[in-house]
Amino acid sequence: MAACLPGATPLALVLTRRLLLIPCFARRLAISGNSSVRLKKNFETDAATRRVFVPGNLATRRSHSCSAASSSQPELSRRQDVLVLGIETSCDDTGAAVVTTDGRILGEAIASQAELLGQWGGVVPKLASEEHRKFIDKVIADALHNAGVQESDLSAVAVTIGPGLSLCLHIGVRKARIIAKNHRLPLIGVHHMEAHALVARLTEKQVEFPFLVLLVSGGHNLLLLAESVGQYVQLGTTVDDAIGEAYDKTARLLGLDMRKGGGPALEELAREGDPKAIKFSVPMRGPKYLDCNFSYAGLKNQVRMAIESRNINGDQVPLSVASAEERKIRADIAASFQRVAVQHLEDKCRRAIEWARKLAPSLSSLVVSGGVASNQTVRGKLGALASELDLQLVCPPPRLCTDNGVMVAWAGVEHFRLGMYEEPPDADEPDDVRLDLRPRWQLGDIYEEGQSEARSLKRMNQHPSLTSQVRTILNEIEGRQLST
Ligand code: KG4
Ligand code: ZN
């Protein structure tokens, strides 16, 4: 989340800043006179006056606390707590939370845009951004208040820098930089999808790397092998739409109350329906599709045709005024859609478990996270699959599956305690400095067997993956070590 100074050479700037992100490695580089020494000194000075652990302390503590938030660790006294503020504004939820490095959620707050969603039937970036602007200060103030702390008590600020809507990311990142600048705090730029994945390690202490993770949200359908913080192998993604988008679209066509969110509204209606009433076909089955990719555009189309052929007009006749007979038809469509949408997840997870076991035979957990992971059918079906294949299923509680500040704070903690953060912004940095936002930002390296033509087209204009960036830094450091 480095600020892009106008006119700076991006590569050189990025590399210098990236090296500054890794003080535990940087200490070794310091022998050759790298400027990271300056960074470490800053934090030592800060630590004397404020409760910031110097990176060395964090590195030492790593062996006790790195695998997950350990409940067996002795309670840190408040005075010693390392507190990370997380800020989330990538889409339509303004979230903030304060989390400790040993995994206690001290305070959280969220402002959702359900009313707007209901009014417009989807996220309108400009309006969503205005809402974030309206609520960001209050949400952060509430999170701090609930935690019983002030900005000056914080140790670091984590903020989502992508992927997401630029106009929305901008609000959170700008606010995070201002807080970090005012209190000389380290900054952690968080990948939204990594935050969805890592939050499972906050809620389930036994989730250790490597683990398989399915991320299902409004814009993403990802299957990844999580190898360590910042290191992921992408086994599959969607070639068109994500499952959350298919839920939302189906909910709109069925005339559901979008203020509840398309997914939750559809899940509720589906409980009244017969999941076998309509024979939608499961996407990507057969010998042509021996991969872990997803496709929901075809299913969306099948649903649209089923709705049109039954003369259902959700726009003009919302579910609340539909006749009992028509309600039943809509419920059958909802249930049949959900059965097939979830079956598609199951098919691809089954294959991904096979692939992941080849790469990581010790695999023991399947994590499912992202908004759609709050769905009970998703949890039930994938739970059964996991137990059939001898894995433990880990789904964060529903409120931590949908977008929230806690997951960002926790991803910040995971990076922070490995020494991966950016130095505080300069005291004279203007509040309107140009920001490095990453609206299209891949998380993992693509597993060779998972390549597809459609996806390489979709990768155009993407920011290099977080995994490749972290690997570049590690290689660079290794190269320097070898040459000294
Ligand atoms: O992760 P998330 O909160 O935001 C994004 O990063 O996209 O996911 C939002 C998506 C929406 O498409 C929403 O309809 C879906 O998750 N969702 C659900 C449920 N709760 C949220 N889908 C199905 N069933 C649910 N209970
Ligand atoms: Zn999300």
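Per the conditions (1) under 22 Å from residue 142 (Cβ atoms); (2) small (Gly, Ala, Ser); (3) open to solvent by 10 Å² or more (accessible area, probe 1.4 Å), the sole criterion not satisfied by residue 364 is (1). Among residues of region 461-484 that are modelled with pLDDT of 80 or more, those with a Cβ under 9 angstrom from a residue that is surrounded by 13 or more Cβ atoms within 10 Å (Cβ to Cβ) and of a type in the set (Asp, Glu), sequence gap 6+ or separate chain, pair up as 465/445; 466/194; 467/227; 467/445; 468/445; 471/445. All conditions in (1) surrounded by fewer than 24 Cβ atoms within 10 Å (Cβ to Cβ); (2) more than 16 Å from ligand 2 (Cβ to nearest atom); (3) assigned to a helix (DSSP H, G or I) hold for residue 206, with the sole exception of (3).
Restricting region 240-291 to residues that are β-branched (Val, Ile, Thr) and either within 11 Å of ligand 1 (Cβ to nearest atom) or closer than 15 Å to residue 123 by Cβ (or both), which is surrounded by the most Cβ atoms within 10 Å (Cβ to Cβ)? The residue in question is 250. Taken over region 265-319, the criterion of being in a loop (DSSP other than H, G, I, E, B) and aromatic (Phe, Trp, Tyr) is satisfied by 280, 289, 296.
With respect to being buried (at least 17 other Cβ atoms within 10 Å of the Cβ), of a type in the set (D, E, K, R) and within 15 Å of ligand 2 (Cβ to nearest atom), residue 142 falls outside the description. Name the residues in region 390-420 that are at pLDDT 95 or above and on the phi > 0 side of the Ramachandran plot, would you? Within region 390-420, just 390 meets the criteria. Does residue 211 meet the test of being away from ligand 1 (no atom under 16 Å from the Cβ) and crowded, with 23+ Cβ neighbours inside 10 Å? So residue 211 passes the test.
So is residue 309 under 21 Å from residue 236 (Cα atoms) and at pLDDT 95 or above or not?
Details: under 21 Å from residue 236 (Cα atoms): no; at pLDDT 95 or above: yes.
No: the conditions fail for residue 309.
Across region 385-409, the number of residues qualifying as among the hydrophobic types (A, V, I, L, M, F, W, C) and within 14 Å of ligand 2 (Cβ to nearest atom) comes to 5.
What about residue 357, is it under 21 Å from residue 96 (Cβ atoms) and either modelled with pLDDT of 95 or more or over 14 Å from the mean Cα position of the chain (by Cα) (or both)?
no
Of the residues making up region 313-349, those that are open to solvent by 20 Å² or more (accessible area, probe 1.4 Å), in contact with an Asp or Glu (Cβ under 9 Å, 6 or more places away or on another chain) and either free of Cβ contacts under 8 Å to residues at least 40 places away in the same chain or among the charged types (D, E, K, R) (or both) are 327, 328, 332.
Filtering 201, 174 for residues that are assigned to a helix (DSSP H, G or I), more than 21 Å from residue 362 (Cα to Cα) and away from ligand 1 (no atom under 16 Å from the Cβ) leaves a single hit, 174. Scanning region 217-236 for residues that are assigned to a loop (DSSP other than H, G, I, E, B) and of a type in the set (Ser, Thr, Tyr) turns up just one, 217. Take the residues of region 185-198 that are hydrophobic (A, V, I, L, M, F, W, C) and in a strand (DSSP E or B): which is nearest to residue 151 (Cα to Cα)? Taking the candidates together, the pick is 187. Per the listing 236, 230, the residue uniquely of a type outside the set (A, V, I, L, M), under 21 Å from residue 188 (Cβ atoms) and more than 14 Å from ligand 1 (Cβ to nearest atom) is 230. Of the listed requirements (1) open to solvent by 10 Å² or more (accessible area, probe 1.4 Å); (2) under 25 Å from residue 445 (Cα atoms), residue 398 misses just one: (2). Scan region 212-222 and give yes if some residue there is within 16 Å of ligand 2 (Cβ to nearest atom), in contact with a Lys or Arg (Cβ under 9 Å, 6 or more places away or on another chain) and under 25 Å from residue 360 (Cβ atoms), otherwise no. Yes: one or more hits. If you go through region 243-301 and pick out every residue that is β-branched (Val, Ile, Thr) and in contact with a Phe, Trp or Tyr (Cβ under 6 Å, 6 or more places away or on another chain), you end up with 2.
Scanning region 380-399 finds no residues that are within 16 Å of ligand 1 (Cβ to nearest atom), in contact with a Gly (Cβ under 7 Å, 6 or more places away or on another chain) and of a type outside the set (Ser, Thr, Tyr). Going by what's in this entry, would residue 301 be described as without any contact (Cβ under 8 Å) to a residue 60 or more places away in the chain, more than 29 Å from residue 213 (Cα to Cα) and more than 16 Å from ligand 2 (Cβ to nearest atom)? Taking the combined requirement at face value, the residue does not satisfy it.
Which residues, counting only those in region 149-171, are part of a strand (DSSP E or B) and either within 16 Å of ligand 2 (Cβ to nearest atom) or small (Gly, Ala, Ser) (or both)? Within region 149-171, 156, 158, 159, 160, 161, 162 qualify. Considered as a group, the residues in region 292-310 that are of a type outside the set (A, V, I, L, M) and over 23 Å from residue 222 (Cβ atoms) include one that is surrounded by the most Cβ atoms within 10 Å (Cβ to Cβ), and that residue is 302.
The values are calculated or read from the model by the stated rules, or taken from the named source; none is laboratory data. Remember, predicted model here, so these are calculated numbers, not experimental data. Heads up, the Cβs are rebuilt from the backbone with ideal geometry, glycines too, and the neighbour counts pull from every protein chain shown. For accessibility, only protein heavy atoms count, side chains too; no ligands or nucleic acids. Shrake-Rupley method; radii C 1.70, N 1.55, O 1.52, S 1.80 Å.
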